[in-house]
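The values are calculated or read from the model by the stated rules, or taken from the named source; none is laboratory data. This structure is a prediction, so every number in the text was calculated from the model and none was measured. Counting neighbours? That spans all protein chains shown, and the Cβs are built from the backbone with ideal geometry, glycine included.
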Amino acid sequence: MTSPTAASPPQSRMRAVLRRLRAAYPDAQTALDFDSPWELLIAVMLSAQTTDARVNMVTPALLARYPDPESLAAADQDDVARLIFTTGFHNQKARAIRGTAAAVLERYHGEVPRRLDDLVTLPGVGRKTAAVVLGNAYGRQQGIAVDTHVLLLTRRLGFTEEIDPVKVERVLQELVPRSRCTLVTHLFISHGRAICMARNPRCLDCVLYSLCPDGQRRYPGRPAPTQMLAYLASGESFTTSPVCGAWMNWPLPTYIPTWPGPTTVGSKNTRSPGMRSLTATGVPSWNWNAA
Ligand code: SF4
């Protein structure tokens, strides 16, 4: 088996992307706190244009005062807006969650619907929110939530040139197994936050470099992590710049889940502060093409 490259067909590249990201982010999941589908629905609606951490700060007080659709539907608009003020757009969000509470109460007997087509009829609930709720609260893989990280990473990896989230979702649904529809969002968001930022993506620290046309355009001819490891296995030493120095601190199984050797290699280069020398010690022979 040969390793997929940036020029491989999308299906095999996506398989490799998911494999590497699952190894890199084994605990990837939503950062929003919730105990029920209703709580998750409210949290996701509040998370627009703010961070999950910020949402987690306001939901305890909000849900303590208005724990269910019934109480929230009857709540005072100004009081709800005050409780969620720090998430931004507090007036619009207060109207939306109160409207959704009323709709869930009237049309779905107070139960958050389990179908994407029903969820998107609720005020302020789009496909992204619906997919997150279905995947994380009900374990139903009915859509792929496409946020800015997912959109950017999908484009950079060359799977599409679309910028419309709905069209990007369709592209992803063609490539991602149904059972991974929720996971792919968490993986792409984790990678977008840690490595593939909108500005200055850290391509030289990236487990996807060898699969990524955009990364290779930015850093043509630079060794990918797997290439660096191949140098190591061949007994050569290799010096990294401070830019890619962080690479060294990643456990090697992050890059190659079946890696049989030591979990980290390398040492600080004391003669040249800021640079690190990697040397191959005790690295077993290894079939790089099968990685
Ligand atoms: S190689 Fe660069 S552009 Fe490609 S996924 Fe990694 S960080 Fe993003």
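Determine whether segment 113-129 contains at least one residue that is of a type in the set (K, R), surrounded by fewer than 16 Cβ atoms within 10 Å (Cβ to Cβ) and touching a Lys or Arg at 6+ places or on another chain (Cβ under 8 Å).
There is at least one residue in segment 113-129 that is of a type in the set (K, R), surrounded by fewer than 16 Cβ atoms within 10 Å (Cβ to Cβ) and touching a Lys or Arg at 6+ places or on another chain (Cβ under 8 Å).
Tell me yes or no: at least one residue of segment 152-161 is more than 10 Å from the ligand (Cβ to nearest atom), modelled with pLDDT of 95 or more, out of contact with any Leu (no Cβ under 6 Å at 6 or more places or on another chain) and aliphatic (A, V, I, L, M).
Looking through segment 152-161, none of the residues is more than 10 Å from the ligand (Cβ to nearest atom), modelled with pLDDT of 95 or more, out of contact with any Leu (no Cβ under 6 Å at 6 or more places or on another chain) and aliphatic (A, V, I, L, M).
Table: residues versus (1) in the same structural domain as R170 (by TED's automatic domain parsing); (2) over 30 Å from F85 (Cβ atoms); (3) out of contact with any helix residue (DSSP H, G or I) (no Cβ under 8 Å at 6 or more places or on another chain).
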{"residue": "R15", "(1), (2), (3)": "yes, yes, yes"}
{"residue": "R20", "(1), (2), (3)": "yes, yes, no"}
{"residue": "A24", "(1), (2), (3)": "yes, yes, no"}
{"residue": "L41", "(1), (2), (3)": "no, no, no"}
{"residue": "V44", "(1), (2), (3)": "no, no, no"}
{"residue": "S47", "(1), (2), (3)": "no, no, no"}
{"residue": "T50", "(1), (2), (3)": "no, no, no"}
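Could you give me the residue pairs with C-beta distances under 7 Å whose first residue belongs to segment 173-188 and is closer than 8 Å to L18 by Cβ, whose second residue is of a type in the set (F, W, Y) wherever it lies, and which are 6+ apart or on separate chains?
L187/Y25
If you go through segment 184-191 one residue at a time, do you hit one that is within 16 Å of the ligand (Cβ to nearest atom), within 11 Å of the chain's Cα centre (by Cα) and among the hydroxyl-bearing types (S, T, Y)?
Yes, that holds for at least one residue.
Just to verify a result, which residue in segment 192-204, among those that are crowded, with 20+ Cβ neighbours inside 10 Å and farther than 25 Å from K128 by Cβ, is farthest from the ligand (Cβ to nearest atom)?
Here the residue is L204.
In segment 21-36, which residues are touching a Leu at 6+ places or on another chain (Cβ under 9 Å) and part of a helix (DSSP H, G or I)?
Of everything in segment 21-36, those that are touching a Leu at 6+ places or on another chain (Cβ under 9 Å) and part of a helix (DSSP H, G or I) turn out to be L21, R22, A24.
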